[in-house]
Amino acid sequence: MKSNKYFWLVPAIVVVIVLAIIGAAHLFNPPSVGEQASNAGYIRKTIGLITDAPHATAELFYSTIENIVFLIAGLSFGKRLWRKEHKKFDEEHGVKH
């Protein structure tokens, strides 16, 4: 039961921390909010990209698509490998289904 609590608690805490950092950037340094010019410093450009809503949304969207594609590919490969290993195990141990 404890692990189920952490399953929801840890991502919620991470989201709250990220939103707090983005909110602090908006509150304490408004000129750094949003995408910055190429000659801006590294820290200022990084904060600008993180706080730029369209950029962050696009990154989240493409990361989600990428994760779904990798998950589907991994599951299909794993399923095929699992069937192959299961058949091999059955042949070695004389198991019939």
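Would you point out the residue of the range 39-97, among those that are small (G, A, S) and at pLDDT below 80, that is farthest from I22 (Cα to Cα)?
The selected residue is A40.
Pick out the one residue from G74, G94, G41 that is under 17 Å from the mean Cα position of the chain (by Cα) and of a type outside the set (S, T, N, Q).
Criteria check complete, one pass: G74.
Taking interchain pairs and intrachain pairs at least six residues apart, which have beta carbon atoms under 8 angstrom, with the first residue in the range 26-47 and in the same structural domain as E59 (by TED's automatic domain parsing) and under 17 Å from A58 (Cβ atoms) and the second modelled with pLDDT of 75 or more and β-branched (V, I, T)?
Short answer, once both residue conditions are applied: none.
The values are calculated or read from the model by the stated rules, or taken from the named source; none is laboratory data. This is a predicted model, so every value here is computed, not measured. When we count neighbours, we look across all protein chains shown, and the Cβ atoms used for this are built from the backbone with ideal geometry, even at glycine.
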